[in-house]
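All remarks here apply to the structure that follows.
Just so you know, all these numbers are worked out from the coordinates, no wet-lab data involved. Please read all numbers here as calculations on a predicted model, not as lab measurements. Here the Cβ positions follow ideal geometry from the backbone for every residue, glycine too, while neighbour counts run over all protein chains shown.
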Amino acid sequence: MNKIEMVDLKSQYLNIKEAVDKAIQEVIDTTTFINGPAVSSFSQNLSTYLDGAEVIPCANGTDALQIALMALGLQPGDEVIVPCFTYVATAEVIALLNLKPVLTEVDPNTFNITAELIEKAITPRTKAVVPVHLYGQCADMESILAVAKKHNLFVIEDTAQAIGANYTFFDGTVKKAGTMGDIGCTSFFPSKNLGCYGDGGALYTHNKELAKQIKMIANHGQEKKYHHKVIGCNSRLDTIQAAILDVKLKKLDEYAAARNKVANTYDEAFKDLNWILTPVRSKNSTHVFHQYTLKLSESADRDLLKAFLQEKGVPSMVYYPIALHLQEAFRTPEFKEGDFPISEDLCTRVLSLPIHTEMGEDQLNYIIEAVKAFKN
Ligand SMILES: *Cc1c(COP(=O)(O)O)cnc(C)c1O
């Protein structure tokens, strides 16, 4: 049995090696390292995959979020609502731009922000909300979009973990994660569901004016070379990364299916263990299982289970151990322990198991038996 990894990028690469090596070599042979043809080809292909949303590539997912906020013309002090149970990047860029991150609680079952939680956090200064589709499943966008519309808020989807997930609206319309709000932001970090071999990211939008603004900001605030209209930044996707992503995009749905197969096997194996809650599936969203995250019952000791699995050669991870309001960087007199009890509780009870596209049946069975052998 191969060594079990949280994400097995090596095995995945070996299965697509020929196509990836060829794509990389072509970029080197043509020395088109910056803004080469693969960048526009990949952006176009991703746009087609996203039912025509315009795709603007950039350097990483954090930049995508920052550029999105800049493109919407928010003013210092404007409030942006964001869940406190997420990766730091989502809130970090808000603070970095001198906007005010207004942290909120999340739903205890889906771990996502909800329309009700957003509505409670709205003030006259609220200008935008950043729902995060955590672990690969969309937040309930229909109700979130309705609240946003009612209060005139921009919606930026952080879809770094949910590329390829489908959300179904009440009228039957199906949309891809990241294409429902004003702007979607994603990351191509190697371990993400569509990962490159370095850093990468992208923004999506259906709004032509916003697309123009985003492109300009990501390119030093210029539309025409050496004519700088606004203060921007330098955020590009390398051609080599785009070439790799173009190969992997063709496999994205197949990869999501492989992840779902692993998730379904875990679900079935753990369904009778009363100390484990397997991931709750939303009725409106498919799940692309960036993470397969267990929620342990209060009686189970998460850290003991993690150590027990480690001993048996099974890695596991805690996404995330500390809610944002308790991070030193976000601590203000406003926030204290106990403010967001659901998120704080999740931080002590979640555990993500290995899940990836090349998981062997022997590995999967080994992980399952290891979890089942844990006595608490
Ligand atoms: C990975 C991730 C990001 C940031 O992406 P980078 O490419 O690492 O900058 C932002 N938000 C979420 C939810 C993520 O998982």
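The residue list 24, 230, 180 was ranked by how far each Cα lies along the charge dipole of the chain toward its positive end, using unit charges on Cβ atoms, and 230 comes out on top. Derived value for the chain: Kirkwood hydrodynamic radius 21.4 Å. Basis is the mean of 1/r over every pair of different alpha-carbon atoms. For segment 49-125 versus segment 223-245, the inter-centroid distance based on Cα atoms is 22 Å. Protection proxy ranking for 284-296, 20-32, 132-144, using the average of other Cβ atoms within 10 Å per residue and placing the highest first: 132-144, 284-296, 20-32.
Under a model in which nothing but the beta-carbon of Lys, Arg (+1) and Asp, Glu (-1) is charged, segment 252-373 shows a dipole of about 160 debye around its Cα centre. Here the chain is assigned +1 on the Cβ of each Lys and Arg and -1 on the Cβ of each Asp and Glu. Its dipole about the Cα centre then comes out at about 600 debye. The HN-Hα couplings worked out from phi for segment 126-143 by the Karplus form 6.51 cos²θ - 1.76 cosθ + 1.60 (θ = phi - 60°) are 5, 10, 7, 9, 10, x, 10, 8, 6, 6, x, 10, 5, 5, 6, 5, 4, 6 Hz, whole numbers, x standing for Gly and Pro. Translational diffusion coefficient of segment 252-373 (Stokes-Einstein, Kirkwood radius from Cα pairs, 4 °C, 1.567 mPa s): 82 µm²/s. In the chain, the DSSP beta bridges split such that about 65 percent are antiparallel, to the nearest 5. Once C-alpha pairs closer than 8 Å and six or more residues apart are averaged by separation and normalised to the residue number of segment 252-373, the relative contact order reads 34 percent.
For segment 117-177, the calculated P(r) over all alpha carbon pairs, in 10 Å bins from 0 to the bin holding the longest distance, is 22, 50, 26, 2 percent. Ellipsoid fit via the Cα gyration tensor, segment 39-101: semi-axes of 26, 13, 10 Å, each the root of five times an eigenvalue, largest first.
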